[in-house]
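The values are calculated or read from the model by the stated rules, or taken from the named source; none is laboratory data. In this text the structure is predicted, and so the values were computed from the model without any measurement. Counting neighbours? That spans all protein chains shown, and the Cβs are built from the backbone with ideal geometry, glycine included. Each accessible area value is taken on the protein alone, full model and side chains, heavy atoms only, with ligands, DNA and RNA left out. Shrake-Rupley method; radii C 1.70, N 1.55, O 1.52, S 1.80 Å.
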Amino acid sequence: MTIPFVQYGRVASLHRANTKQWTDAEKRAIAAFAGTFKPAWDPPKGQFSDWHYLALSPLHDSGIYHYTGPVIVLMNATNFSATDIFLTGLKGMKNVTLLGTASSGGSANTQTVTLGKTPLVLRIGAMASFQSDGRLFDGNGVSPDVAVNPVPYYYIGGPDNALTEALKRIQRGEPPR
């Protein structure tokens, strides 16, 4: 079981440590994690809710397909927000290789605010999300396990050299990372 990230704020898919949703194993993992977690920034008291957590637990159901082979996930700077969370959850997992360039780093669960009787509308972040190492997602993308920078001709319709590299690794039967 892993705790890929925590956050302050209110998001439906994440839960406080004391929620009844958690299994005993998840409660123990969250308690152990919370005991060592050091955020890079301390949210101001009274301006954010209690910490919320996401725990990834294996499902033990014979009806669910379980793949154990190698996986290569292509990533780049267009990955943002929910994709950052997805990449963080996969990073370090057995048989998973993140290949490409760093994600953009962000999360915001935005709220829309209309400025008075004007046509101006703002979208502002309503939470602060942290990676499991304490870094904020905002401004800190997820790093790939294998860095493959795009070559200039990719931007004018040329081949995707990250995809080409991933296919070569699969064809050679290389183990992850």
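Here the accessible area is traced with a 1.4 Å probe on the protein chains. For the chain, carbon and sulfur cover 56 percent of it. For the chain, lysine pairs with C-alpha atoms less than 29 angstrom apart, excluding pairs fewer than eight positions apart on the same chain, total 11. Which of HIS66, HIS15, HIS52 moves the most in a Gaussian network model of the chain with Cα springs under 10 Å? Comparing HIS66, HIS15, HIS52 in a Gaussian network model of the chain, the most mobile one is HIS66.
Amide H contacts of VAL96 (H built 1.01 Å from N, in plane; Pro and chain starts excluded): VAL71 sit under 5 Å, all sequence-distant by 5 or more or on other chains. Solvent-accessible surface of region 4-117, averaged per residue with a 1.4 angstrom probe and all protein chains in place: 63 square angstrom. Normalised by residue count, the chain yields a Cα convex hull volume of 185 Å³ per residue. Each residue, LYS27 and SER62, gets one label point 7 Å from its Cα in the Cβ direction; the gap between the two is 3.0 nm.
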